[in-house]
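J.: Please read through the structure below; I'll follow up with questions.
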Amino acid sequence: MSHVLKPSVMRSSQRLSITLPHFLFEALVRRSDAEGRSLSNLAAYLLESSLSGVKGPSALPMSSGSRPQPKGTSSVR
């Protein structure tokens, strides 16, 4: 299945539902607790981080928009 995103859709947050093995879910919960962030924010940050060096059709757009920031950092420069 191919998902074509319209420019207006790319700028807003989207929901995604996934099924994780129990051990992975527990690891994410522990890390989100340790970092003081929500599980959703951590998952979004980790997914974005994993795609940050990808080139081609899976590459991330150049604008930073509303991307989740690691705890203790600011999007303001």
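The values are calculated or read from the model by the stated rules, or taken from the named source; none is laboratory data. In this text the structure is predicted, and so the values were computed from the model without any measurement. Positions of Cβ are backbone-derived with ideal geometry, glycine not excepted, and every protein chain shown enters the neighbour counts. Just the protein is used for accessible areas: all its heavy atoms, side chains included, with ligands, DNA and RNA removed. Shrake-Rupley method; radii C 1.70, N 1.55, O 1.52, S 1.80 Å.
J.: Could you check the stretch 36-56 and list, in sequence order, the residues that are among the hydroxyl-bearing types (Ser, Thr, Tyr) and farther than 24 Å from residue 26 by Cβ?
T.: Looking only at the stretch 36-56, we keep the residues that are among the hydroxyl-bearing types (Ser, Thr, Tyr), and these are 38, 40, 45, 49-50, 52.
Once the filter is applied, which keeps residues that are among the hydroxyl-bearing types (Ser, Thr, Tyr) and farther than 24 Å from residue 26 by Cβ, the stretch 36-56 yields only 52.
J.: May I ask you to list pairs of residues, at least six apart or on different chains, whose Cβ atoms are under 6 Å apart, with the first in the stretch 31-54 being under 20 Å from residue 19 (Cβ atoms) and the second being open to solvent by 50 Å² or more (accessible area, probe 1.4 Å) and in a helix (DSSP H, G or I)?
T.: Taking only residues 6 or more apart or on different chains, the pairs are 32/39.
J.: Any idea which of 54, 9 is modelled with pLDDT of 70 or more and exposed (fewer than 11 other Cβ atoms within 10 Å of the Cβ)?
T.: Values: 9 fails: modelled with pLDDT of 70 or more.
One residue alone meets the criteria, 54.
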